[in-house]
Amino acid sequence: MIEFKNISKSFSSKDILNNISFKIKTGESVAIIGQSGEGKSVLLKHFNGLMMPDSGQVIIDKKIINELSFSDLQLVRKNMSMVFQFGALFDSLSIKDNILISLDNNTSLDTDEKEKRVIESLDLVNLSHIDHLYLNDLSGGMKKRVGISRAISIRPTYILYDEPTTGLDPINTGKIIKLMQSIKNSKKITSIIVTHEMKIVNEFVSRVIMLKNGNIIFDGSPKDLNSSKDKYIKSFILGKE
Ligand SMILES: Nc1ncnc2c1ncn2[C@@H]1O[C@H](COP(=O)(O)OP(=O)(O)OP(=O)(O)O)[C@@H](O)[C@H]1O
Ligand SMILES: [Mg+2]
């Protein structure tokens, strides 16, 4: 269970999140949408303490994570993986070593177990046969899959995706959504996805939270979002002003 309680965050006096509150139940899949610059990535980084609020509480499984010591926060993070908007992978390392670093940092598996976990995680994204390739040599879609593989390798209970399909063609977008679907089904994971992709909103999540000017202007089902009479929401969905 995740609870955001009166979260506010500003940067050099610009309010990005303005007293935001919501709860997310275990097993839910939730999309966070909104225009560029509205604070979606900032909001997502509050889930795992990569950013701390100026005020309010982020509560994960009964722990107020913005009040935890660094070592206790690290324990919470072992259950919570993030697929970053811009990858945050090591370009000068191989696919395999990118996964291994995460396993070294987040698990206490022995060498054999880590090897198995790498193969298992890369099999899921269909990349185990080329695990020796360097990140520098991969396409955008492949990099996204490595990011997802790294995230699931630690077997988290929560997965945070920051624009997992942005920049991909429709075929690869479809592949990533299928992949997210199989992760959701097989691992009973709670998924939070920042996205502009209406296909993810309509086919993957059961709930949508929309941000505007630091506030939540919609929190409900994709069906209700699509039938909203609100002008701003309508123009966002249709992609025109
Ligand atoms: N570390 C930071 N320091 C200062 N300002 C920041 C920082 N991180 C984000 N911001 C500002 O906060 C605002 C929201 O940024 P954020 O990255 O969350 O937007 P976004 O909704 O994810 O946009 P996009 O869809 O383009 O990814 C922007 O004005 C950004 O410049
Ligand atoms: Mg962003």
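Identification of helices (runs of 4 or more DSSP H) wholly contained in the stretch 1-119 with 3 or more residues that are more than 16 Å from ligand 2 (Cβ to nearest atom) yields 70-77, 95-106. Taking residue 61 as the residue in question, decide whether it is open to solvent by 60 Å² or more (accessible area, probe 1.4 Å) and within 12 Å of ligand 1 (Cβ to nearest atom). No: the conditions fail for residue 61.
Checking 72, 54 one by one, the residue that is open to solvent by 20 Å² or more (accessible area, probe 1.4 Å) and in contact (Cβ under 8 Å) with a residue 12 or more places away in the chain is 54 and no other. Taking the stretch 148-241 and the strands (runs of 3 or more DSSP E) fully enclosed by it, the elements with 1 or more residues that are more than 24 Å from residue 122 (Cα to Cα) and open to solvent by 30 Å² or more (accessible area, probe 1.4 Å) are at 207-212, 215-220.
Please verify whether residue 61 is at positive phi, assigned by TED's automatic domain parsing to the domain that holds residue 23 and at pLDDT below 95, treating the condition exactly as stated. Criteria met by residue 61. Just one of the listed residues (50, 75, 93, 89) is within 16 Å of ligand 1 (Cβ to nearest atom) and modelled with pLDDT under 95, and it is 50.
Do we have any residue at all in the stretch 162-178 that's of a type in the set (Gly, Ala, Ser), away from ligand 1 (no atom under 16 Å from the Cβ) and not assigned by TED's automatic domain parsing to the domain that holds residue 58? Looking for residues that are of a type in the set (Gly, Ala, Ser), away from ligand 1 (no atom under 16 Å from the Cβ) and not assigned by TED's automatic domain parsing to the domain that holds residue 58, one finds none in the stretch 162-178, hence no.
Among residues of the stretch 92-113 that are in the same structural domain as residue 132 (by TED's automatic domain parsing), those with a Cβ under 7 angstrom from a residue that is basic (Lys, Arg), sequence gap 6+ or separate chain, pair up as 98/150; 99/150; 100/114; 102/150; 103/114; 103/117; 106/78; 109/117. Entry remark, the stretch 120-140: residues being part of a helix (DSSP H, G or I) and open to solvent by less than 10 Å² (accessible area, probe 1.4 Å) number 3 in total.
The values are calculated or read from the model by the stated rules, or taken from the named source; none is laboratory data. Just so it is clear, the structure is predicted and the values come from calculations on it, not from any experiment. In this analysis, Cβ positions are derived from the backbone assuming ideal geometry, glycine residues included, and neighbour counts consider all displayed protein chains. These area figures cover heavy atoms from the full protein model, side chains too; ligands, DNA and RNA do not enter into them. Shrake-Rupley method; radii C 1.70, N 1.55, O 1.52, S 1.80 Å.
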